[in-house]
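Here is the structure we will look at.
Just so it is clear, none of the values below were taken in a lab; they were calculated from the coordinates. Bear in mind the structure is a predicted one, so any value in this text is a computation, not a measurement. Note: ideal-geometry Cβ built from the backbone for every residue, glycine included; neighbour counts use all protein chains shown.
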Amino acid sequence: MAAPPVRNRNLPAWLTTSLFLIAGACIILLEHKRPLRKHREPKLRRAARNAAVAAVAAIAVRWADAPVTGLLMNRAERRGWGLFRRRRLPLWLEVVAASLALDYSIYLWHVLLHRVPLLWRFHVVHHSDLDLDVSTAIRFHFGELLFSIPLRALQIAALGPSRFTFSLWQTCFGLCVFFHHSEIELPASLERRLAPFLVTPRMHGIHHSIVQRETDSNWSSGLSIWDRLHGTLRLNVPQQAVTIGVPAYREPEQVAAAALIAMPFQHQPPAWEFPDGGSPQRESGPDRAVLLP
């Protein structure tokens, strides 16, 4: 029996798994060699906590997200749903165009996670990490992933990317998330060259600041062009001045694994206020279109 066309095949699971394992190992090594920020908590304790949150989320993806995505992809193929299935572009052009559209949809989703109170109740679990490194890239509450299922359904039904394109984009997107959550101190000159195209560790570090107006910037996850187009780009905060986290959750016991799982279902204090009152502020830095060290 002939193999299905490339368009109708996902990237092999062994390939995507290998890419993530290799990328994760390389990032962890570079984080150890060239750390960008000082740690507030022991790295291994945080990694274990974040892995526990990720494990619960993985179960949700396995039992809720994956079946829905698979069913929709099958139906979209049979019925020809979506822009790119109707247009039948050359594969290379479909990959480029669909990846741009998918990446932009993630930008819009990220804005909603911050702007819609119900979604923020779950997304705050990600932002409440007291440090930022590659383990933060997997620290997402299972509820946030369940809420994102309609986004994936819309991506598949409205855009109609092929299996190959969608799986390729998901893999590249995941690797980008690993990269920009890392605490690798890239040479500033290299990061300035990357920043016009990709979200970088310093850029995303600003998004994880305890200062709300800094968190309300740099919402891109793959390509940085969306922040430039929407005027939400911020590059003028030195990394040494960035404190990672959310003002309401400043103590390690507040962000233990069990507390993180329960956090969206309990009373939440105002996220951008310290427990004793007041909000962190910072004077505006120089308006420079470059990343500061």
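A compact table of results
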item	result
Relative packing of peptides 78-84, 258-264, 98-104 - highest average C-beta neighbours within 10 Å first	98-104, 258-264, 78-84
Estimated 222 nm signal from helices in the chain, with DSSP H stretches of n ≥ 4 weighted -39500 (n - 2.57), rounded to 500	-16000 deg cm²/dmol
For region 146-151, 3J(HN,Hα) per residue [Karplus equation, 6.51 cos²θ - 1.76 cosθ + 1.60, θ = phi - 60°, Hz, x = Gly/Pro]	5, 5, 7, 4, x, 4
Value of Rg to Rh for the chain (Rh from inverse mean 1/r over Cα pairs, i.e. Kirkwood)	0.97
Mean Cβ neighbour count within 10 Å, used as a protection proxy, ranking 41-52, 217-228 highest first	217-228, 41-52
Calculated FRET efficiency for the pair ARG79/ILE59, C-beta based, R₀ 45 Å, to 0.05	0.90
Between helix 43-60 and the chain: long-axis angle, C-alpha atoms, 0 to 90°, nearest 10	40 degrees
Sites ARG193 and LEU11 - FRET efficiency at Förster radius 25 Å, r taken between beta-carbons, to 0.05	0.30
Sequence of PHE179, PHE166, PHE197 once ranked by neighbouring C-beta atoms within 10 Å, starting from the fewest	PHE197, PHE179, PHE166
Contact order normalised by residue count of region 146-293, Cα under 8 Å, 6+ apart, percent	22 percent
Within the chain: Cβ-based charge dipole about Cα centre, in debye rounded to nearest 20 (Lys, Arg +1; Asp, Glu -1)	1080 debye
Kirkwood hydrodynamic radius (C-alpha pairs) into Stokes-Einstein, region 160-287, 4 °C and 1.567 mPa s, D in µm²/s	78 µm²/s
Between region 51-113 and region 125-141, the Cα center-to-center distance that results, in Å	23 Å
Rounded to 10°, Cα long-axis angle of helix 13-33 versus longest principal axis of the chain	20 degrees
